[in-house]
Structures are given as structure tokens and as C-alpha cells.
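Visitor: Right, I'll just put the structure down here and ask away after.
Throughout, read-outs are computed from the coordinates displayed, never taken from laboratory work. Computed from a prediction, not measured in an experiment: that's the story for all the values here. Virtual Cβ from ideal backbone geometry, glycine too; neighbours counted across all protein chains shown.
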Amino acid sequence: MPDTLRFDFPAPVLKDDSNPKWTFHYVPIPDDVADTLVENKTRRVILEVNDKTAKRYMYQHRDGEFRVIVGLSTLRELGHRPGDVMLMSLFPDPDPDAIDVPEEFEEALAEHPEARKRFDSWTPGRKRSAVSYITQAKRPQTRVKRAFELAYKMETYTLHGDKNHD
């Protein structure tokens, strides 16, 4: 990765509560950094803080500002809290389509071969969404439960939005 695509800057951890149904924390990306990354067709980035990394997606808010969402668990892993100013590095993800499938879900997919086939056919974004649903659970028991329920629903085509499958 060329050094020209690695950016170091301080950024505040802000809360977006503009939608009462969905609030989250994010880090604003400076305009010059965002412009350079967009020009290089980069949206999937690695956020590095205190020698710890997190894979993220850089998106453009409706006000034009580019942001990276940073959940509370990720903030804790990075050693920060909402309201902190992080000294961070941001650079392109060298493998933007890689998805870290949790062990619980791998086990569930191994027991449900049709779900495995279906999962493997999904787009990277849909796979990331499924994995996120599982990994957002705080308790290990909930992660296992979600993994197996999701695999079952994938296999039986009973996920929300599935059409009848024959």
C-alpha cells in the first residue's frame, strides 16, 4: 500500500441521533482524506488506533460529510469512549471483500449444507450483514442461538424478504 493512501489525523467520536429509531457513533473523515480515498475508488478502509485495527466502510452522510461508523464495542476495543478524540490512521483495506465469519456461524453452516451453499452465493455486503447480526450479540449463548437460527432460516428460505422457494 502506498504511503500516500495512509492518513493520520485526530477525530472526535460523535453521536448521530438524527433518527430517533437508530442512533450510532461515528468518526468524521476530513474532506481531503475522503476526497483522496474516493478518487482511488476506496470505500472499505482499515481504522487503526493504539495499534488496534477495525475494518470499516466509509460512507457519505446526506450532508456531504464522509464518516466511519464505530460501534461501542469497537470503541472499547480501540480503548476509547464516545466524546473522545482519537488519534487515528485510516488506509484502504487490502482485501475489501474478506469477511471474518465467526466460529459459531461456521459450525451452524457446517450442519446446514444448504445454508452454506446459499451463504456462499451471497454478495459480500449481504454476508457482512449476516455476520454482523451474529457478532453483535454480547453473550456467547446468544451468538450461538443466532447463528443456528440464521442457518436454519437460510436453509428453509424463511428469512425476512424471502420469496417462496420450490
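Visitor: Counting only helical runs of four or more DSSP H residues, what would the 222 nm mean residue ellipticity of the chain come to if each run contributes -39,500 (n - 2.57) and the total is spread over all its residues?
Guide: Mean residue ellipticity, 222 nm, calculated: -11500 deg cm²/dmol.
Visitor: With contacts defined as alpha carbon pairs under 8 Å and 6 or more residues apart, what's the relative contact order of the chain in percent?
Guide: Reported as a whole number, the value is 21 percent.
Visitor: Which residue, PRO20, PRO102, PRO28, tops the fluctuation ranking in a GNM of the chain built on C-alpha contacts under 10 Å?
Guide: Result for the chain, Cα springs under 10 Å: PRO20 fluctuates most.
Visitor: Counting alpha carbon pairs within less than 8 Å and at least 6 residues apart, what relative contact order, in whole percent, applies to the range 3-92?
Guide: Relative CO of the range 3-92 lands at 41 percent.
Visitor: Show me the ranking of peptides 143-152, 77-86, 128-137 by mean Cβ neighbours inside 10 Å, starting with the highest.
Guide: Peptide ranking by packing, descending: 143-152, 128-137, 77-86.
Visitor: Starting from the alpha-carbon convex hull of the chain, give the projected area averaged over all orientations, in nm².
Guide: 11.5
Visitor: What is the log10 of I(q)/I(0) for the range 103-156, computed with the Debye formula using one identical point scatterer on each Cα and no solvent, at q = 0.14, 0.15, 0.16 Å⁻¹?
Guide: These q points yield log10 I(q)/I(0) values of -0.30, -0.34, -0.39.
Visitor: For a distance above 13 Å, tell me the whole-number percent of Cα pairs in the range 42-84 that qualify.
Guide: Cα-Cα pairs in the range 42-84 separated by more than 13 Å: 57 percent.
Visitor: Can you report the principal axis dimensions of the range 3-92 using only the alpha carbons, biggest first, rounded to whole angstrom?
Guide: 36, 31, 18
Visitor: Same structure, new question: For MET88, enumerate residues with amide H under 5 Å from its amide H, sequence gap 5+ or separate chain, H modeled in the peptide plane.
Guide: When sequence neighbours closer than 5 places are left aside, the close amide H contacts are PHE9, ALA11.
Visitor: Working from Cα positions, state the angle (0 to 90°, nearest 10) between the long axis of helix 140-156 and the longest principal axis of the chain.
Guide: Compared with the principal axis, the helix lies near 60 degrees.
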